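Everything below concerns the one structure shown next.
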Amino acid sequence: MSKYFWQTVGLGTLAGFRSMTAPMLLSGNLTKFHPHALAKSPLRWMQKPWVATGLKLMTAGEMVGDKLPAAPDRTAPPVLAGRALSGALVGATLYKVNHDSAIKGALLGSAVAVAATYASLYLRKKSAQESGLPIALVGGFEDALVLGAGLALSKGTALGLPAGRAL
(Lines give C-alpha, C1' and ligand atoms only; values in the text may rest on other atoms or scores of the structure.)
Protein backbone atom coordinates (compact mmCIF):
# COMPACT_ATOMS: atom_id res chain seq x y z
CA MET A 1 0.00 0.00 0.00
CA SER A 2 1.18 3.49 -0.80
CA LYS A 3 2.05 6.18 1.71
CA TYR A 4 -0.82 8.36 0.51
CA PHE A 5 -3.24 5.44 0.95
CA TRP A 6 -2.33 5.34 4.65
CA GLN A 7 -2.43 9.14 4.89
CA THR A 8 -5.95 9.01 3.45
CA VAL A 9 -6.95 6.33 5.95
CA GLY A 10 -5.52 8.43 8.80
CA LEU A 11 -7.13 11.68 7.73
CA GLY A 12 -10.38 9.91 6.84
CA THR A 13 -10.47 8.54 10.38
CA LEU A 14 -9.95 12.04 11.78
CA ALA A 15 -12.75 13.32 9.53
CA GLY A 16 -15.04 10.75 11.13
CA PHE A 17 -14.19 12.05 14.60
CA ARG A 18 -14.16 15.78 13.72
CA SER A 19 -15.08 16.76 10.18
CA MET A 20 -13.02 19.93 9.88
CA THR A 21 -9.77 18.70 11.45
CA ALA A 22 -8.61 16.56 8.52
CA PRO A 23 -9.05 19.21 5.80
CA MET A 24 -7.51 21.83 8.13
CA LEU A 25 -4.36 19.76 8.64
CA LEU A 26 -4.02 18.88 4.96
CA SER A 27 -4.63 22.43 3.79
CA GLY A 28 -2.10 23.75 6.29
CA ASN A 29 0.54 21.41 4.89
CA LEU A 30 -0.37 22.13 1.28
CA THR A 31 0.30 25.83 1.84
CA LYS A 32 3.94 24.82 2.43
CA PHE A 33 4.38 22.32 -0.40
CA HIS A 34 2.31 23.71 -3.32
CA PRO A 35 2.38 20.46 -5.34
CA HIS A 36 2.21 21.01 -9.10
CA ALA A 37 -0.39 18.27 -9.48
CA LEU A 38 -2.96 20.64 -7.96
CA ALA A 39 -2.03 23.64 -10.12
CA LYS A 40 -4.82 23.19 -12.67
CA SER A 41 -7.03 20.99 -10.54
CA PRO A 42 -10.38 22.01 -9.06
CA LEU A 43 -8.76 21.10 -5.72
CA ARG A 44 -6.06 23.80 -5.99
CA TRP A 45 -7.92 26.00 -3.52
CA MET A 46 -6.86 23.59 -0.76
CA GLN A 47 -3.34 25.07 -0.88
CA LYS A 48 -4.41 28.69 -0.41
CA PRO A 49 -3.43 30.30 2.91
CA TRP A 50 -6.87 31.87 3.37
CA VAL A 51 -8.47 28.42 3.06
CA ALA A 52 -6.11 27.01 5.70
CA THR A 53 -7.00 29.91 8.02
CA GLY A 54 -10.73 29.49 7.40
CA LEU A 55 -10.50 25.77 8.10
CA LYS A 56 -8.70 26.48 11.39
CA LEU A 57 -11.56 28.74 12.45
CA MET A 58 -14.14 26.16 11.36
CA THR A 59 -12.29 23.46 13.30
CA ALA A 60 -12.37 25.56 16.47
CA GLY A 61 -16.05 26.30 15.94
CA GLU A 62 -16.84 22.62 15.44
CA MET A 63 -15.03 21.66 18.63
CA VAL A 64 -16.96 24.25 20.65
CA GLY A 65 -20.30 23.52 18.97
CA ASP A 66 -19.94 19.79 19.52
CA LYS A 67 -20.22 20.28 23.28
CA LEU A 68 -23.48 22.22 23.13
CA PRO A 69 -26.66 20.40 24.15
CA ALA A 70 -28.34 21.31 20.86
CA ALA A 71 -25.53 19.74 18.78
CA PRO A 72 -26.99 17.16 16.40
CA ASP A 73 -25.96 13.53 16.61
CA ARG A 74 -22.92 12.84 14.42
CA THR A 75 -24.85 10.09 12.64
CA ALA A 76 -27.75 12.37 11.69
CA PRO A 77 -27.89 12.30 7.87
CA PRO A 78 -26.66 15.88 7.22
CA VAL A 79 -23.84 15.59 9.77
CA LEU A 80 -22.80 12.16 8.53
CA ALA A 81 -22.83 13.49 4.96
CA GLY A 82 -20.54 16.34 6.04
CA ARG A 83 -18.08 13.91 7.56
CA ALA A 84 -18.21 11.72 4.46
CA LEU A 85 -17.56 14.78 2.27
CA SER A 86 -14.66 15.82 4.50
CA GLY A 87 -13.10 12.38 4.13
CA ALA A 88 -13.75 12.48 0.39
CA LEU A 89 -12.08 15.90 0.10
CA VAL A 90 -8.88 14.86 1.85
CA GLY A 91 -8.76 11.55 -0.02
CA ALA A 92 -9.31 13.14 -3.42
CA THR A 93 -6.69 15.79 -2.69
CA LEU A 94 -4.04 13.35 -1.49
CA TYR A 95 -4.60 11.04 -4.45
CA LYS A 96 -4.55 13.96 -6.91
CA VAL A 97 -1.29 15.26 -5.40
CA ASN A 98 0.18 11.81 -6.03
CA HIS A 99 -1.00 11.64 -9.64
CA ASP A 100 -3.56 8.97 -8.83
CA SER A 101 -7.33 8.89 -9.27
CA ALA A 102 -9.05 11.57 -7.21
CA ILE A 103 -12.22 9.48 -7.36
CA LYS A 104 -10.43 6.50 -5.78
CA GLY A 105 -9.11 8.76 -3.05
CA ALA A 106 -12.53 10.31 -2.47
CA LEU A 107 -14.19 6.92 -2.16
CA LEU A 108 -11.55 5.66 0.27
CA GLY A 109 -11.57 8.82 2.40
CA SER A 110 -15.36 8.90 2.51
CA ALA A 111 -15.73 5.23 3.45
CA VAL A 112 -13.16 5.53 6.23
CA ALA A 113 -14.79 8.72 7.55
CA VAL A 114 -18.22 7.08 7.73
CA ALA A 115 -16.83 4.01 9.51
CA ALA A 116 -14.88 6.22 11.93
CA THR A 117 -18.01 8.30 12.62
CA TYR A 118 -19.86 5.27 13.93
CA ALA A 119 -16.80 3.97 15.79
CA SER A 120 -16.19 7.36 17.44
CA LEU A 121 -19.83 7.64 18.51
CA TYR A 122 -19.66 4.22 20.13
CA LEU A 123 -16.34 5.03 21.83
CA ARG A 124 -17.57 8.38 23.12
CA LYS A 125 -20.79 6.97 24.57
CA LYS A 126 -19.06 3.91 26.03
CA SER A 127 -16.31 6.08 27.57
CA ALA A 128 -18.84 8.39 29.19
CA GLN A 129 -20.88 5.45 30.47
CA GLU A 130 -17.91 3.52 31.85
CA SER A 131 -16.13 6.51 33.40
CA GLY A 132 -19.19 8.33 34.71
CA LEU A 133 -17.82 11.56 33.23
CA PRO A 134 -20.15 14.03 31.50
CA ILE A 135 -20.36 13.41 27.76
CA ALA A 136 -19.13 16.97 27.06
CA LEU A 137 -15.95 16.31 29.05
CA VAL A 138 -15.41 13.06 27.16
CA GLY A 139 -15.89 15.14 24.00
CA GLY A 140 -13.07 17.40 25.19
CA PHE A 141 -10.82 14.37 25.57
CA GLU A 142 -11.90 13.31 22.08
CA ASP A 143 -10.84 16.73 20.76
CA ALA A 144 -7.43 16.33 22.38
CA LEU A 145 -7.08 12.85 20.89
CA VAL A 146 -8.03 14.05 17.41
CA LEU A 147 -5.70 17.05 17.53
CA GLY A 148 -2.85 15.01 18.96
CA ALA A 149 -3.28 12.25 16.39
CA GLY A 150 -3.67 14.78 13.60
CA LEU A 151 -0.57 16.70 14.56
CA ALA A 152 1.37 13.46 14.94
CA LEU A 153 0.18 12.41 11.49
CA SER A 154 1.13 15.70 9.86
CA LYS A 155 3.88 17.29 11.98
CA GLY A 156 7.33 16.69 10.64
CA THR A 157 5.97 14.64 7.78
CA ALA A 158 5.34 15.44 4.19
CA LEU A 159 1.56 15.11 4.45
CA GLY A 160 0.36 16.40 1.11
CA LEU A 161 3.76 16.08 -0.52
CA PRO A 162 3.79 13.70 -3.47
CA ALA A 163 5.26 10.34 -2.56
CA GLY A 164 8.33 9.64 -4.69
CA ARG A 165 7.56 12.23 -7.34
CA ALA A 166 8.56 15.77 -8.08
CA LEU A 167 6.35 18.54 -6.81
> Which condition breaks for LEU133 when tested against (1) within 26 Å of VAL64 (Cα to Cα); (2) modelled with pLDDT under 90; (3) over 16 Å from the mean Cα position of the chain (by Cα)?
Replying inline: (2)
>> Pairs needed: first member in segment 52-69, part of a helix (DSSP H, G or I); second member anywhere, acidic (Asp, Glu); C-beta distance under 6 Å; at least 6 residues apart or different chains.
In response: MET63/ASP143
> From the residues in segment 33-51 that are assigned to a helix (DSSP H, G or I) and touching a residue at least 12 places away in the same chain (Cβ under 8 Å), which one is farthest from ALA102 (Cα to Cα)?
Replying inline: PRO49
> Across segment 80-99, what is the number of residues that are modelled with pLDDT of 95 or more and surrounded by fewer than 22 Cβ atoms within 10 Å (Cβ to Cβ)?
Replying inline: 4
> Is it the case that THR75 is under 13 Å from THR117 (Cα atoms), open to solvent by 40 Å² or more (accessible area, probe 1.4 Å) and touching a helix residue (DSSP H, G or I) at 6+ places or on another chain (Cβ under 8 Å)?
Replying inline: no
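The values are calculated or read from the model by the stated rules, or taken from the named source; none is laboratory data. A quick note: this is a predicted structure, and the numbers were derived from the prediction, not measured. Counting neighbours? That spans all protein chains shown, and the Cβs are built from the backbone with ideal geometry, glycine included. When the accessible area is computed, the model is the full protein with side chains, heavy atoms only, and any ligands, DNA or RNA have been set aside. Shrake-Rupley method; radii C 1.70, N 1.55, O 1.52, S 1.80 Å.
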